[in-house]
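A.B. asks: Let me begin by handing over the structure; questions about it come next.
The values are calculated or read from the model by the stated rules, or taken from the named source; none is laboratory data. Keep in mind that this is a model prediction, so the values were computed, not measured. Using ideal geometry, Cβ is built from the backbone for each residue, glycine included, and neighbour counts are taken over all protein chains shown.
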Amino acid sequence: MHLENIDRTMRFQLFSRCSLWRRHFSATRFDGRIPLECLQKTVTFREDEQAPQVELRIPLEADWIPTAIADDMRARYSHRIDRNGFLVIESCRTYSEQLNMADCIDKLRSAMLECQAILDGEQKCEVKLDPRVEAKRDIKRRLAAFENEI
């Protein structure tokens, strides 16, 4: 019973429109809360499918995003930033608009927490390689292992 009340309270804090006014903005850390009123949501339907595609546009200059995280996201996710400076996140994973919206928010939160962990030094910054380069390295690794077995 007590856990249900905590869950309801947390859900209210995450999705409340008033949470933006009550929360203390930290200039250096991301606390995991994303104010929904600051996001621009677009829902489209593809011609051949009935699944809704949800697209979120997040202004990286927003005051709830710490400057260091915004700069790191600009560097790491430059391919997802449009010409207006908005970070674009899409999802068409399910047939539910709400679940796709939740997936977009989860992707955003995960990316921001990953950037926060890298800035805190908890996680090493991994340079993402081109998939072709990764495939070539994997083939060379398997070939070397095969030659060692012979």
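A.B. asks: Considering every residue within the stretch 108-120, establish whether at least one is modelled with pLDDT of 90 or more and touching a Leu at 6+ places or on another chain (Cβ under 8 Å).
C.D. replies: Within the stretch 108-120, one or more residues are modelled with pLDDT of 90 or more and touching a Leu at 6+ places or on another chain (Cβ under 8 Å).
A.B. asks: On to the next question. Which residues, taken from the stretch 39-55, are in a loop (DSSP other than H, G, I, E, B) and acidic (Asp, Glu)?
C.D. replies: Passing the criteria: 47, 48, 49.
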